[in-house]
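First the structure, in the form of structure tokens, and then the observations on it.
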Amino acid sequence: MLPFLLTFCKKNNIILFSDRGSDIMQKPKGTYDIFGKKADQMLYFRKLAEALMNKYNAKYFETPIFESSELFHRGVGETTDIVSKETYDFKDRGDRNLTLRPEGTAGIVRCFIENKLYAENLPLKAWYFGPMFRYERPQAGRQREFYQFGLEVFGTYDPMMDAEVISILVNLFKLIGLKGIRVNINTLGDKESRENYRTALISYFKPYLNDLCDDCQKRFEKNPLRILDCKVDSGKEIMKNAPKMTDYLNDESREHFDKVKRYLEALDIDYVVNPSIVRGLDYYTHTVFEVEADIEGFGSQNVLGAGGRYNNLVENIGGPSTAGVGFAIGVERLLLALEMENIDISEPSNPEIYVFSVGDEAKIKAASLVNSLRLSGFDVEMDYNGRNLKSNFKNADRLGAKYIIIIGDEEINTKVLTIKDNVTKEEYKVSVDDLLEFLDEKLGVHDEH
Ligand code: HAM
């Protein structure tokens with residue numbers, strides 16, 4: 001009876017009460033809740049990234065999660081998969097065409113131009129950390145909402161900066177302890193070299209047009225370089241014999257790439273030149289790179305971070321001609337790689353102190369004590385639920401608290417607190433006036449007092 005009823009309802013568009021429930025009780029496909037260990041790891045990674053960015057004099061930027069759709073069309077490129085198939089587009093109530101950002105570079109470039117940051121001291125290094133959205137087929141390491149940590153550098157054509165940007169990625173992975181990585185680099189040359197290459201690709205692919213997928217036939221007209229990035233045609237023999245960018249570089253582009261390689265060697269970065277890297281975004285010029293997880297069983301979504309130089313993007317979006325280069329790391333993918341390598345980067349976030357009270361008056365004193373301890377810089381949790389003695393000790397254990405403070409009538413009258421070391425189980429009697437000194441001695445001096 002039940003299966004028949006379900007089919008009948010489905011056919012007639014009748015929504016059963018339980019169907020509605022399951023819709024709102026489930027996260028959208030390709031998205032994840034972040035809490036517990038994952039949340040600790042993400043926070044820790046962000047802290048690490050921030051500390052590293054300070055060492056390079058990079059400044060934190062936050063731009064809107066949605067921008068005008070036009071920005072991504074012009075920035076990332078009309079013919080890319082990201083813009084043509086993967087964006088979350090919507091109209092707001094004012095009939096504006098908006099898009100959830102699929103990546104961070106275009107928004108930072110828009111911010112750079114709109115706020116006339118090009119008039120300030122350059123190079124400017126801007127880092128960001130936040131969610132991006134792409135309508136992709138979800139699988140391990142590929143989500144529809146995912147976090148990127150990225151860096152964009154504006155205002156220098158120096159090949160040293162290409163190498164520095166790549167080295168930041170590698171240094172970050174080293175700092176975390178991730179050894180299994182491979183750095184692939186390539187060059188797409190300047191405008192002139194790309195134009196020469198485009199002509200070569202058109203004459204190469206023309207006789208094979210019917211062998212290419214429908215999308216590639218459109219790409220052939222608009223942007224033949226995108227054919228090389230096609231997921232459908234990638235295994236075909238015609239792809240393997242396609243002309244290589246490196247054969248169409250002009251002297252200036254070749255010299256730029258040679259210098260990048262020399263700087264990489266000076267920075268002790270192992271790399272492989274991989275001519276098949278064209279990247280899935282249109283804005284690149286000169287150096288492009290992808291850092292892969294070289295970990296057995298990692299799966300096909302193994303590019304942990306990627307980027308490149310984009311000397312025409314600021315101008316294409318409407319700003320003054322300004323060089324740019326940057327990278328972005330997929331945070332969840334990186335955490336996946338760390339999990340596979342058994343590297344735990346989270347910091348314990350247990351409370352240092354657990355406070356519980358016995359009796360109503362004692363609870364008010366406990367609330368006041370907990371407040372002042374927190375303001376003095378200690379991580380403190382208390383009992384809100386009036387647990388009994390045994391269950392309070394159990395709770396302190398579960399929370400991983402190092403010290404337990406107990407407040408009852410006697411403690412209020414004598415102004416002497418009972419403090420238990422939850423590891424050694426030693427018990428101390430400490431006067432309220434000496435409490436901070438005692439805790440500093442046991443837990444280390446906290447900055448806030
Ligand atoms: P991208 O290669 O599209 O480049 O993305 C950078 C990284 O984000 C990827 O290497 C991957 O780790 C992660 N990522 C991308 N898509 C997904 C997804 N669906 N699920 C999980 N992780 C994903 C960019 O976005 C450029 N804006 C990078 C850049 C900055 N170039 C210059 N500056």
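The values are calculated or read from the model by the stated rules, or taken from the named source; none is laboratory data. Everything numeric here is computed off the predicted structure, so don't read it as measured data. Glycine gets a Cβ as well: all are built from the backbone with ideal geometry, and neighbour counts include every protein chain shown. Surface areas here come from the heavy atoms of the whole protein model, side chains and all, with no ligands, DNA or RNA. Shrake-Rupley method; radii C 1.70, N 1.55, O 1.52, S 1.80 Å.
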- request: Filter region 358-391 down to residues that are among the small types (Gly, Ala, Ser), out of contact with any Asp or Glu (no Cβ under 7 Å at 6 or more places or on another chain) and under 17 Å from Asp433 (Cβ atoms), then give me how many there are.
  value: 2
message: I'd like the full set of residues that are more than 18 Å from Cys111 (Cβ to Cβ), touching a residue at least 40 places away in the same chain (Cβ under 8 Å) and in a helix (DSSP H, G or I), limited to region 51-72.
response: Leu52
message: For region 155-205, which positions are over 19 Å from Thr285 (Cα atoms), outside the structural domain of Gly307 (by TED's automatic domain parsing) and either out of contact with any helix residue (DSSP H, G or I) (no Cβ under 7 Å at 6 or more places or on another chain) or modelled with pLDDT of 95 or more (or both)?
response: Ser203, Tyr204
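Identify, from the list Lys415, Lys429, Lys425, the residue that is open to solvent by 100 Å² or more (accessible area, probe 1.4 Å) and within 18 Å of Lys363 (Cα to Cα). Can you show your working first?
Details: Lys429 fails: within 18 Å of Lys363 (Cα to Cα); Lys425 fails: within 18 Å of Lys363 (Cα to Cα).
After ruling out the rest, the residue left standing is Lys415.
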query: Could you give every pair whose Cβ atoms fall below 6 Å, whose first residue belongs to region 326-353 and is charged (D, E, K, R), and whose second residue is within 13 Å of the ligand (Cβ to nearest atom), counting only separations of at least 6 or pairs across chains?
result: Glu332/Phe146; Arg333/Gly141; Arg333/Leu304
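For the condition within 16 Å of the ligand (Cβ to nearest atom) and crowded, with 23+ Cβ neighbours inside 10 Å, what is the one hit in Gly299, Gly305? Spell out how you get there, then give the answer.
Working: Gly299 fails: crowded, with 23+ Cβ neighbours inside 10 Å.
None of the others qualify; the one that does is Gly305.
Can you name the residue in region 94-103 that is within 21 Å of the chain's Cα centre (by Cα) and assigned to a loop (DSSP other than H, G, I, E, B) and is also farthest from the ligand (Cβ to nearest atom) among such residues?
Among them, the one singled out is Arg101.
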task: Report whether or not Lys91 is within 15 Å of Val325 (Cβ to Cβ) and either surrounded by 21 or more Cβ atoms within 10 Å (Cβ to Cβ) or away from the ligand (no atom under 14 Å from the Cβ) (or both).
output: no
- prompt: Quick check, is Asn274 out of contact with any helix residue (DSSP H, G or I) (no Cβ under 6 Å at 6 or more places or on another chain) and surrounded by fewer than 19 Cβ atoms within 10 Å (Cβ to Cβ)?
  reply: yes
task: Output the residues belonging to region 337-358 that are within 15 Å of the ligand (Cβ to nearest atom), open to solvent by less than 50 Å² (accessible area, probe 1.4 Å) and touching a strand residue (DSSP E or B) at 6+ places or on another chain (Cβ under 9 Å).
output: Ala337
query: Can you pull out the residues in region 240-253 that are within 21 Å of Tyr157 (Cβ to Cβ) and without any contact (Cβ under 8 Å) to a residue 40 or more places away in the chain?
result: Asp251
statement: If we take region 322-393, then strands (runs of 3 or more DSSP E) inside it with 2 or more residues that are within 30 Å of Leu117 (Cα to Cα) are 324-330
message: Can you tell me which of (1) surrounded by fewer than 17 Cβ atoms within 10 Å (Cβ to Cβ); (2) more than 30 Å from Lys244 (Cβ to Cβ); (3) not β-branched (Val, Ile, Thr) is the one Gly180 doesn't meet?
response: (2)
task: Filter region 308-321 down to the residues that are closer than 20 Å to Ser193 by Cα and part of a helix (DSSP H, G or I), then identify the one that is farthest from the ligand (Cβ to nearest atom).
output: Glu315
- prompt: Exactly one of (1) within 16 Å of the ligand (Cβ to nearest atom); (2) farther than 21 Å from Tyr157 by Cα is unmet by Asp282. Its number?
  reply: (2)
query: Can you tell me which residues in region 111-137 are under 27 Å from Thr31 (Cα atoms) and out of contact with any Phe, Trp or Tyr (no Cβ under 7 Å at 6 or more places or on another chain)?
result: Arg134, Glu136, Arg137
query: List pairs: first in region 279-293 and among the polar types (S, T, N, Q), second near the ligand (Cβ under 9 Å from one of its atoms) and part of a strand (DSSP E or B), Cβ under 6 Å, 6+ apart or cross-chain?
result: Thr285/Arg309; Thr287/Gly308; Thr287/Arg309
query: Could you say whether any residue in region 130-142 is modelled with pLDDT of 95 or more, open to solvent by less than 10 Å² (accessible area, probe 1.4 Å), within 22 Å of the chain's Cα centre (by Cα) and of a type outside the set (Lys, Arg)?
result: yes
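Being part of a helix (DSSP H, G or I) and either at pLDDT 95 or above or open to solvent by less than 70 Å² (accessible area, probe 1.4 Å) (or both) narrows it down to one residue among Tyr44, Tyr32; which is it? Can you show your working first?
Numbers: Tyr32 fails: part of a helix (DSSP H, G or I).
Only one candidate qualifies: Tyr44.
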- prompt: Any idea which of (1) without any contact (Cβ under 8 Å) to a residue 40 or more places away in the chain; (2) open to solvent by 10 Å² or more (accessible area, probe 1.4 Å) is the one Ala200 doesn't satisfy?
  reply: (1)
